[in-house]
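Bear in mind that the values in this text are calculations on the coordinates, not laboratory data. Please read these numbers as outputs of a predicted model, since none were measured by experiment. Reconstructed Cβ throughout: ideal geometry from the backbone, glycine too, with neighbour counts over all protein chains shown.
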Amino acid sequence: MTADWLRATIRQMVEEVDRRRAGGVSMLPRLTEIIFIEILRHQIMMAESRSVGWLAALGDPALSRCLSLIHGDPKRDWSLEQLAAASGLSRSALADRFQTVLSTSPIRYIRDWRLYLASVALATTSQPIAAIAYEAGYATEAAFNRAFSRAFATPPAAWRAMSRA
């Protein structure tokens with residue numbers, strides 16, 4: 001990210017606010033998003049090889065590929081073998097790198113991501129809990145209820161009620 005580019009974009013945002021031209025209201029959120037994305041890119045590129053956390057994982061080609069696959073198809077029954085093959089690493093190397101950078105295993109990351117998506121669905125949709133459980137990769141609503149309760153310290157139905165209150 002160059003300082004000139006950032007300065008020019010901020011100047012454009014100020015001009016859109018000051019001059020109130022047609023389409024300006026639509027441009028401001030997009031310019032803000034572009035700046036945010038560019039800042040994230042910069043942070044990812046500048047992360048040291050021993051950095052940890054989600055941005056560091058995005059900067060690691062193997063982990064980035066795995067995260068992209070997981071987030072692109074969270075319902076898929078991912079195996080460590082499939083993710084390792086996609087990342088170009090052995091299963092143990094992938095597991096070690098996940099643990100080092102993200103402080104979790106690939107399979108636990110998948111489970112946690114699915115449960116997060118389920119929590120969003122519970123809060124924002126009227127889908128039956130059984131359907132959300134299936135979408136999250138659980139064969140039974142009871143198994144989903146147990147996993148969700150462990151992760152969020154409350155059952156899915158109570159989570160839904162609290163999030164809507």
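Farthest towards the positive end of the charge dipole of the chain, among the residues TYR138, ALA165, LEU28, is the Cα of ALA165, using unit charges on the Cβ of Lys, Arg, Asp and Glu.
Which of LEU31, LEU115, LEU102 moves most in a GNM of the chain, Cα contacts under 10 Å? Its mean-square fluctuation being the largest, the pick is LEU31. For region 53-97, rounded, prolate or oblate, judged on the Cα gyration tensor with a ≥ b ≥ c (square roots of eigenvalues), a/c < 1.5 rounded, else prolate if a/b > b/c? Cα axes put region 53-97 in the oblate bin. For SER79 and ALA153, what is the calculated FRET efficiency with R₀ set at 35 Å and r taken between the beta-carbons, to the nearest 0.05? About 0.75, to the nearest 0.05. Alpha-carbon geometry of the chain: the Rg and the Dmax are 20.5, 58 Å, given in that order. The angle separating the long axis of helix 61-72 from the principal Cα axis of greatest extent in the chain is about 70 degrees.
In the chain, the longest principal axis of the Cα atoms and the axis of helix 141-152 are about 50 degrees apart.
Between ILE107 and ARG21, the modelled label-to-label distance comes to 5.7 nm, taking each label 7 Å out from Cα in the direction of the beta carbon. According to the square roots a ≥ b ≥ c of the eigenvalues of the Cα gyration tensor, what is the shape class of region 109-164, taking rounded for a/c under 1.5, prolate for a/b larger than b/c otherwise, and oblate for the remainder? Cα axes put region 109-164 in the rounded bin.
In this Cβ point-charge picture (+1 for Lys and Arg, -1 for Asp and Glu), the chain has a dipole of about 280 debye about its Cα centre. Mean-square fluctuation check for the chain, GNM, Cα pairs under 10 Å: which of SER149, SER126, SER87 is largest? Of SER149, SER126, SER87, the most mobile in the Gaussian network model is SER126.
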